[in-house]
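Let me begin by presenting the structure, written as structure tokens, before commenting on it.
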Amino acid sequence: MNCEEATKLMDGYLDGELDPMTSQKIEQHLRDCRKCEQAYEAHTALAHAISRGAPYYKAQAELRQRVQSSLRDAVGVRASRSAARENHASLTSRWAKRRPVLPEIPWNWLALAAAIILAAIIASSFLPRLRPPTSDQFLATQLIASHVRSLMADHLTDVASSDQHTVKPWLDTKLDFAPPVVDLSSEGFPLIGGRLDYLDSRSVAALVYQKRKHFINLFIWPTTPKDSTAQTMVEREGYHLVHWSDGDFTYWAVSDVNINDLQSFKQLFEQQIARH
Amino acid sequence: MAAPLKIDYAFNAQDFESSAKIVKFTILKKHQEPDAAQEHELASFEETMLPHMDAAHNLAKWLLRNEEDAQDVVQEAYLRAFKSFSGFHGSNGRAWLLTIVRNTSYTLLKKNRAVDLTTTFDEEIHTAGHESVSPATILEHSENAELIKEAMDELPVQFREILALRHQEGLSYKEIADIAQIPPGTVMSRLSRARAELKEYLAARISKDK
Ligand SMILES: [Zn+2]
């Protein structure tokens with residue numbers, strides 16, 4: 001592969017959208033060509049700056065109400081009737097609670113985040129580039145998006161507590177499954193809290209842990225036939241993802257901490273669960 | 001810049017086709033009292049689609065750059081989506097809704113603000129002498145979120161769209177192709193151009209501030 005081809009395919013490579021063969025060829029070229037490698041690093045930094053810097057315009061509460069009432073009008077349902085709708089109202093208010101209105105993002109926080117990200121990019125460029133299996137690609141993208149959004153919206157937790165006996169009951173009442181919750185403070189990964197999240201059309205638990213200034217989102221849901229049970233490690237857009245499964249539950253840990261930290265987090269989490 | 005616009009308009013034919021179906025659907029329903037089945041359908045629709053309202057609003061806001069228009073489009077898109085919900089069998093509710101939001105936004109842009117659709121990238125910025133700005137300097141300034149927002153707002157609508165879909169929704173090229181109604185092969189080159197233009201803008205801004 002020459003420089004011209006590498007430049008043309010760089011965005012596809014950056015986005016993890018190339019077939020494995022082409023990816024390997026680019027990787028080879030980046031190892032051999034200092035100029036393209038530098039261009040790739042600058043491009044990665046830019047991509048992160050966009051992901052981090054562009055404001056995410058959330059829907060405000062008034063809009064939610066407006067949309068819902070116009071939908072009601074469309075089917076001619078009058079207010080105060082129908083048990084089905086009352087059921088539903090509680091569902092939507094849960095949503096509203098879960099995703100508070102935050103039309104603007106705190107810039108100072110973003111600047112800090114950008115600095116952290118840049119540090120992570122530099123750190124990760126020394127690691128071997130890992131490729132996710134294709135079936136996990138889409139899920140990985142969603143997981144990273146959820147992770148990033150939880151940080152951007154400054155809404156890491158619905159229940160902020162380092163006490164697993166507070167976080168667990170809270171999640172149990174919100175979900176139709178009971179995810180395992182353990183604190184790993186003494187191991188260097190303090191529990192920050194828990195959150196409800198929504199992935200691939202299902203409600204999932206997100207446990208939030210901290211490692212120094214970095215956060216780890218641990219997504220948990222009951223294993224379905226759709227979920228792969230093979231352990232996976234993915235590096236993508238400067239984030240690391242570790243996936244495992246213990247028969248009952250599927251776990252995805254997402255963070256910008258380095259891969260070794262994330263691996264030991266996984267081991268510590270499994271050990272603690274086994275003890276409970 | 002002119003060529004992609006044609007592609008972007010292509011959806012309209014498809015869009016009208018589906019609204020013809022919507023009309024039929026509405027007329028049939030008009031003769032009925034709201035019944036349990038309809039309420040059930042509404043509940044199921046809301047459960048599937050309301051979680052994606054942030055994504056819908058975010059995309060509309062980036063396309064229209066105006067809060068009132070964005071809200072109108074989101075409301076209209078939800079109504080359209082509900083009316084054709086019986087035809088939705090996929091698992092990707094967000095992509096489906098975003099396609100409708102995108103089409104509704106372009107309809108509005110075409111009707112009221114055709115100028116927004118033809119706005120090309122500021123030539124002055126292209127030709128400004130900023131070759132001396134190094135990638136390291138750009139990198140340094142890329143921490144400035146305000147600058148990123150400003151730069152993105154300056155880009156043509158197709159570029160704002162593709163950057164929002166990729167960087168904010170984290171969608172795959174395949175999903176972006178479906179939503180933006182462009183061939184999958186075009187996604188990478190358009191993203192590449194969008195990022196390059198954004199970088200140009202940042203470089204121009206940085207060298208101006210110097
Ligand atoms: Zn090269």
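The values are calculated or read from the model by the stated rules, or taken from the named source; none is laboratory data. Worth saying up front: this structure is predicted, and the values here are computed from it rather than measured. Every residue, glycine among them, receives a Cβ derived from its backbone with ideal geometry; neighbour counts consider all protein chains shown.
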* Asked: Residues that are at pLDDT below 90 and within 25 Å of A:Gln142 (Cβ to Cβ): which helices (runs of 4 or more DSSP H) entirely in segment A:1-66 hold 1 or more of them?
  -> A:20-32, A:34-53
* Hey, can you tell me all the residues within segment A:28-47 that are surrounded by 16 or more Cβ atoms within 10 Å (Cβ to Cβ) and either within 9 Å of the ligand (Cβ to nearest atom) or touching a residue at least 24 places away in the same chain (Cβ under 8 Å) (or both)? => A:His29, A:Leu30, A:Cys33, A:Cys36, A:Ala39, A:Tyr40, A:Glu41, A:His43, A:Thr44, A:Ala45, A:Ala47
* Asked: What are the pairs, 6+ residues apart or on separate chains, where a residue within segment A:186-209 that is on the phi > 0 side of the Ramachandran plot has its Cβ under 7 Å from a residue that is assigned to a strand (DSSP E or B)?
  -> A:Gly188/A:Lys211; A:Gly193/A:Val159; A:Gly193/A:Ala160; A:Gly193/A:Val208
* Asked: If you go through segment A:205-217 one residue at a time, do you hit one that is closer than 22 Å to A:Arg52 by Cβ and assigned to a helix (DSSP H, G or I)?
  -> no
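Suppose we keep only residues that are hydrophobic (A, V, I, L, M, F, W, C) and near the ligand (Cβ under 8 Å from one of its atoms) within segment A:2-27. Which one would you say is nearest to the other protein chains (Cβ to nearest Cβ)?
Step by step, filter segment A:2-27, then rank; the result is A:Ala6.
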* Asked: So B:Leu63 clears everything in (1) modelled with pLDDT under 85; (2) under 22 Å from B:Met152 (Cβ atoms) except one condition, right? Which one?
  -> (1)
